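Data block below; observations after.
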Amino acid sequence: MSFAHPLMLAVAVVVGLACAAGLRWLHRERARAYAAVGVKATGARRYLPTVLFLAAIVFLLLAVARPQATLGVPRTSGTVILAFDVSNSMAADDIAPNRLAAAQAAAISFVQAQPDSVDVGVVAFSQGALNTHTPGNEHTETVDAIKRLRVTGGTSLGQAILASLTAIVGQPVSLPEPSAPPPDLPYRGDATIVLLTDGEDTGGPDALLAADLAANAGVHIQTVGVGTVEGKTVDIDGYQVSTALNEDLLTQIAAATGGAYHRAQDEGALDAAYRDLDLRTTIDDQPVELTGPVVAFALLLLVAGALLTIHWFGRII
């Protein structure tokens, strides 16, 4: 325990010792006076209210010293990359108003609910991937980046994972050649990639190999399947293209990193998927001021002393 004003702690100790010495002297003087006239000294209850009042004064002085203790405070922390599929298939309206808009709305609610101890980044991917917002705790900027997303192009889940890893570790990440060892990435067990997609992979780096890189770095991937299993037909450059969830691939990607797959067939399910995300909870040692509890205890002593005085003597003395 520490004190913001140590001098007041010394004052509280001095006052406490002085009160104890004074009360002891008063007890002896009264006992001597009663003995001189042959009267038996009064019982201890005569002094108990006074003891409580004096103790309350000491604790109030202690409160002025502003005592502090270092306590372990749990908090949600870490890094979250929201990787949005912005391919043409995300324009399908099997989730109202469409897949991308529903994913954006739920993501914005998620970001706004996070404390500043959680850094949130945004990656938009189609055939390629673009880190549109680096991880940070300025969540208003993150929300603005999410709102700017628009649909275009095909889908590369592998590129999405590699771009997300690049944003997390702060260095370019790519798949190694078949005979080469995997890249030596720093361990980031506090990071999570949220892959929001319909799961239709149309090319690019192998998504499962990219997921293995994430697993080696301790990064969890939580996949969120946006759309319905039945699917929907969308108009792309004058062609009617059928698109539906690829749940098998999304489940394999998540499982490879110790994450989980979430099916989001409407905006409510998307919100539930975000609530289930495995964000890390850490214990941080933080100074906690104890002035309030000390004052409360002093007031309790004062009230107890007053009630005992009224009960025993019928008045405040």
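Odds and ends about this structure:
- Unique residue being at pLDDT 75 or above, surrounded by fewer than 13 Cβ atoms within 10 Å (Cβ to Cβ) and assigned to a helix (DSSP H, G or I) when the list is A21, A56, A10: A21
- Candidate set from segment 263-312 (those that are aromatic (F, W, Y) and out of contact with any Pro (no Cβ under 8 Å at 6 or more places or on another chain)); member that is modelled with the lowest pLDDT: Y274
- Test set (1) at pLDDT below 85; (2) surrounded by fewer than 17 Cβ atoms within 10 Å (Cβ to Cβ); (3) over 22 Å from L209 (Cβ atoms) - T132 fails condition number: (2)
- Residue list for segment 153-167, restricted to those being in contact with a helix residue (DSSP H, G or I) (Cβ under 9 Å, 6 or more places away or on another chain) and over 20 Å from A255 (Cα atoms): G153, G154, T155
- Subset of segment 139-163 [surrounded by 13 or more Cβ atoms within 10 Å (Cβ to Cβ) and within 27 Å of the chain's Cα centre (by Cα)]: H139, E141, T142, V143, D144, A145, I146, L149, A160, I161, L162, A163
- Note on segment 235-262: among residues that are in a strand (DSSP E or B) and surrounded by 19 or more Cβ atoms within 10 Å (Cβ to Cβ), the one that is modelled with the lowest pLDDT is T243.
- Meets criteria (assigned to a loop (DSSP other than H, G, I, E, B) and more than 22 Å from Q127 (Cα to Cα)) for L185: yes
- Some residue of segment 148-163 being farther than 20 Å from A260 by Cα, aliphatic (A, V, I, L, M) and part of a loop (DSSP other than H, G, I, E, B): yes
- Of everything in segment 59-87 that is closer than 30 Å to V111 by Cβ and modelled with pLDDT under 85, the residue that is farthest from the chain's Cα centre (by Cα) is L71.
- Taking the criterion of being of a type in the set (S, T, N, Q) and either farther than 17 Å from F125 by Cβ or modelled with pLDDT of 85 or more (or both), the residues of segment 188-234 that qualify are T192, T197, N216, Q222, T223, T228, T233.
- Listed by first and then second residue, the pairs with beta-carbon distance under 6 Å, at least 6 apart or on different chains, first residue in segment 216-234 and in contact (Cβ under 8 Å) with a residue 60 or more places away in the chain, second surrounded by fewer than 16 Cβ atoms within 10 Å (Cβ to Cβ) and hydrophobic (A, V, I, L, M, F, W, C), are V234/V241.
The values are calculated or read from the model by the stated rules, or taken from the named source; none is laboratory data. For clarity, every value in this text was computed on a predicted model and none was experimentally measured. All Cβ positions, even for glycine, are placed from backbone atoms using ideal geometry, and neighbour counts span all protein chains on display.
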